[in-house]
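The values are calculated or read from the model by the stated rules, or taken from the named source; none is laboratory data. Since the model is a prediction, treat every value here as computed from it, not as a measurement. Every residue, glycine among them, receives a Cβ derived from its backbone with ideal geometry; neighbour counts consider all protein chains shown. Note: areas computed on protein heavy atoms with side chains; ligands, DNA, RNA excluded. Shrake-Rupley method; radii C 1.70, N 1.55, O 1.52, S 1.80 Å.
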Amino acid sequence: MGNDGLRFLLDDMSVTVGDTTYDSASVTAGIQQGNAAYSHAGELSEDEMNTIIQYANEKGIEIIPLLNTPGHMDAIVDAMEYVGIEDAAYGDNYQKSARTLNIMNETAVGFTQQLVKKYVAYFNSQGCSVFNMGCDEFANDIYASSDGMGFGALQDKGQYGDYINYVNSLAKIVQEGGMTPMAFNDGFYYGGVTNQGTFDSSIMIAYWTTGWGGNYLGVQS
């Protein structure tokens with residue numbers, strides 16, 4: 001429900017970061033504007049998601065929600081800019097990612113973390129046990145001409161540890177919300193690099209790729 005677009009909106013979309021509260025109507029409008037700019041397919045309401053989960057439960061299927069961050073955040077980045085958060089997107093030299101969070105921007109990170117917290121609370125209340133944080137393809141729109149990934153660039157700049165800390169902070173939010181954190185494999189110990197930080201070992205890995213351009217994607221053991 002949250003990969004580039006954000007296709008499911010809670011009844012209450014208000015987000016509080018520090019002393020600032022971004023009201024539900026403004027956040028909703030920002031998300032909808034971002035969805036329209038990306039590829040608008042409409043958003044599910046909370047009642048509609050309740051119905052989907054109830055039907056899945058009746059069939060013995062557990063829903064695993066995905067709200068992808070810090071990459072694949074087109075609509076959420078647009079929403080942050082809509083409510084007045086500056087420099088929400090990751091920038092590299094003369095380019096700026098259209099979909100990737102600036103993990104060095106405390107306000108943007110705080111907004112994203114609080115948004116994730118709201119969705120974790122909702123899905124936990126519906127009996128879901130696993131929450132996929134995504135965490136894949138960092139700034140892949142900027143680095144498409146190389147290996148399609150920004151993880152190598154983060155490592156070169158000494159910022160890979162900041163990414164690891166960000167992922168771990170999300171995992172903590174998910175755990176504190178009563179769910180198991182999940183993430184895609186490609187950002188974990190990218191290129192076999194293990195000396196720039198340690199990922200939370202409780203994160204469940206969802207494998208989807210073996211890498212691009214000959215880069216070995218290391219993963220959590």
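See the values below:
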item	result
Residues being of a type outside the set (S, T, N, Q) and over 20 Å from R99 (Cβ atoms) - total across the range 23-57	11
Among (1) out of contact with any Asp or Glu (no Cβ under 6 Å at 6 or more places or on another chain); (2) open to solvent by less than 30 Å² (accessible area, probe 1.4 Å); (3) modelled with pLDDT of 95 or more - the single one G71 does not satisfy	(1)
Members of the range 134-161 that are among the charged types (D, E, K, R), on the phi < 0 side of the Ramachandran plot and within 15 Å of the chain's Cα centre (by Cα)	D136
Verdict on L44 being closer than 16 Å to P65 by Cβ, of a type outside the set (S, T, Y), in contact with a Phe, Trp or Tyr (Cβ under 7 Å, 6 or more places away or on another chain) and modelled with pLDDT of 95 or more	yes
Residues satisfying the stated conditions in the range 61-76, i.e. farther than 19 Å from A25 by Cβ and in contact with a strand residue (DSSP E or B) (Cβ under 8 Å, 6 or more places away or on another chain)	E62, I64, P65, L66, L67, N68, T69, P70, G71, H72, M73, D74
Restricting the range 131-155 to residues that are at pLDDT 90 or above and open to solvent by 20 Å² or more (accessible area, probe 1.4 Å), the residue that is farthest from N195 (Cα to Cα)	E137
Failed criterion for Q155 (all others in (1) in contact with a strand residue (DSSP E or B) (Cβ under 8 Å, 6 or more places away or on another chain); (2) touching a residue at least 60 places away in the same chain (Cβ under 8 Å); (3) among the polar types (S, T, N, Q) hold)	(2)
Filtered residue count, the range 1-19, keeping only those that are farther than 14 Å from T112 by Cβ and hydroxyl-bearing (S, T, Y)	1
Qualifying residue in the range 2-11 (condition: among the acidic types (D, E), touching a His at 6+ places or on another chain (Cβ under 9 Å) and either assigned to a helix (DSSP H, G or I) or under 30 Å from N165 (Cβ atoms) (or both))	yes
Condition met for V77 (at pLDDT 95 or above, open to solvent by less than 30 Å² (accessible area, probe 1.4 Å) and either of a type in the set (D, E, K, R) or more than 27 Å from K157 (Cβ to Cβ) (or both))	no
Failed item in (1) within 22 Å of L115 (Cβ to Cβ); (2) touching a helix residue (DSSP H, G or I) at 6+ places or on another chain (Cβ under 6 Å); (3) open to solvent by less than 30 Å² (accessible area, probe 1.4 Å), with G178 passing the rest	(3)
Test: E86 is open to solvent by 70 Å² or more (accessible area, probe 1.4 Å), within 27 Å of I205 (Cα to Cα) and not aromatic (F, W, Y)	no
In the range 100-130, the residues that are open to solvent by 10 Å² or more (accessible area, probe 1.4 Å), assigned to a helix (DSSP H, G or I) and over 23 Å from I85 (Cα atoms)	A121, Y122, N124, S125
Hits in the range 21-63 - residues which are of a type in the set (V, I, T) and either in contact with a helix residue (DSSP H, G or I) (Cβ under 8 Å, 6 or more places away or on another chain) or open to solvent by less than 60 Å² (accessible area, probe 1.4 Å) (or both)	V27, T28, I31, I53, I63
